[in-house]
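Bear in mind that the values in this text are calculations on the coordinates, not laboratory data. These figures come from a predicted structure and were not determined experimentally. Note: ideal-geometry Cβ built from the backbone for every residue, glycine included; neighbour counts use all protein chains shown.
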């Protein structure tokens, strides 16, 4: 057949069209919107995943937690999302996959660190700056020369926590709301106006520096980071993360103070507090310090269901982009989620895989690029870019009272191992 100029142009047009189509599909794949699919569609052994049920049943039988939710996403697809057990040991309310849990210290990455990354992108926070640059009240104190990086790495020398509730006076709280007692920390429990500013903040500022240049995990670092974020953004931490991340991402449950928008029955109770508030805690943050700070703190206070937490995780896995919208610069995501300490496994705000592989933390199969965080209430989220994997575990292990069986039975890490084995053992 004779190739005329017209046929040649049509041939080139066809090639170009296919090239554009291929690139568009490739681009679309990098901007995954989480959707559900069967494990086999992303090369995961579904039969192997069923072993998760056996591990969870042991946790329920041993009363490591009344119930739990597990979500697994691979290559932008949710392949496992199941609820187990009950919200309490009374077995009156079954856990459902969209129930909401107190995330505890996952707040550190899903709120505070995200906000820090945003302000870093906007050149409003310098990781090497002394914190008195942003908080003039710290000038001349023992904390003046701590850097932002030191706070995020937990190596500023701060004490791990301060039990503020132990110093609570009868005049500091009352049973009913009033203009002088507007801050609710539990049912029929209201704290006096400006309690954080008048009582907690001065205590934080005057706290000792005990272990400078050593890794000591400290909630105080995130109280300070919240203050810096709010100073540099002119918004509250809650306003900043909601307007910038949660609302545009379409997250329906992730937020502080969940009772403002969520029915109480959708929120799983975290504990029966016999020391501070003396009641079942449901819909209010478990952490006493975060509760006294009004339910919004840098280290705790965030609630969410598993799907919303997975969406945030997928955005990070996609280098700060989701559904065609850029939230963070890719280089910023890489910087914060990679190992940044010479004395610990930590990233900037994020926890990392332990370099001592005998510890199998968070899993014996986790890649070096893995990042995430755990929460004291019995939660965890781990993101492994090498395997395009997200693993979320939500529970209320503290209910009714604190117990460590979830840890001693290695429930979370054993489930994590099974997920990796389901990937590694996939056979076409």
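The table that follows gives values for the structure above.
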{"item": "Cα-projected label distance for residue 128 with residue 403, points at 7 Å along beta-carbon direction, nm", "result": "5.1"}
{"item": "Range of Cα positions in the stretch 210-253 per principal axis (Å), largest first", "result": "41, 22, 13"}
{"item": "The chain: most fluctuating residue of 338, 188, 75 per GNM, C-alpha cutoff 10 Å", "result": "188"}
{"item": "Sorted by Cβ density within 10 Å, fewest first, the residues 81, 123, 154", "result": "123, 81, 154"}
{"item": "Pairs of alpha carbons in the stretch 194-299 whose separation is greater than 22 Å (percent)", "result": "43"}
{"item": "Cα pair count fraction exceeding 38 Å, expressed as % - the chain", "result": "24"}
{"item": "Base-10 log of normalised Debye intensity for the stretch 104-234 (one unit scatterer per alpha-carbon) at q = 0.10 Å⁻¹", "result": "-0.37"}
{"item": "Fully extended contour minus Cα-Cα distance, from residue 91 to residue 367, at 0.36 nm per residue", "result": "95.5 nm"}
{"item": "Cα-projected label distance for residue 325 with residue 33, points at 7 Å along beta-carbon direction, nm", "result": "1.2"}
{"item": "DSSP beta bridge pairing in the chain, given as percent antiparallel to the nearest 5", "result": "95"}
{"item": "Cα long-axis angle, helix 220-233 against the chain (0 to 90 degrees, to the nearest 10)", "result": "70"}
{"item": "Scattering curve values for the stretch 38-134, log₁₀ I(q)/I(0), Debye with Cα scatterers, q = 0.11 Å⁻¹", "result": "-0.56"}
{"item": "Descending semi-axes in whole angstrom, ellipsoid equivalent of the stretch 158-234, from the Cα gyration tensor", "result": "27, 16, 10"}
{"item": "Candidates 169, 193, 210: whichever shows maximal mean-square fluctuation once the chain is modelled as a Gaussian network with Cα springs under 10 Å", "result": "169"}
{"item": "Cα-based helix-to-principal-axis angle, 51-61 vs the chain, degrees rounded to 10", "result": "20"}
{"item": "Calculated Rg and Dmax of the stretch 361-422 using C-alpha coordinates, Å", "result": "12.0, 38"}
{"item": "Additional length obtainable on full extension of the chain from residue 264 to residue 216, 0.36 nm per residue less Cα span", "result": "13.7 nm"}
{"item": "nm² value of the averaged projected area, convex hull over the Cα atoms of the stretch 246-366", "result": "10.1"}
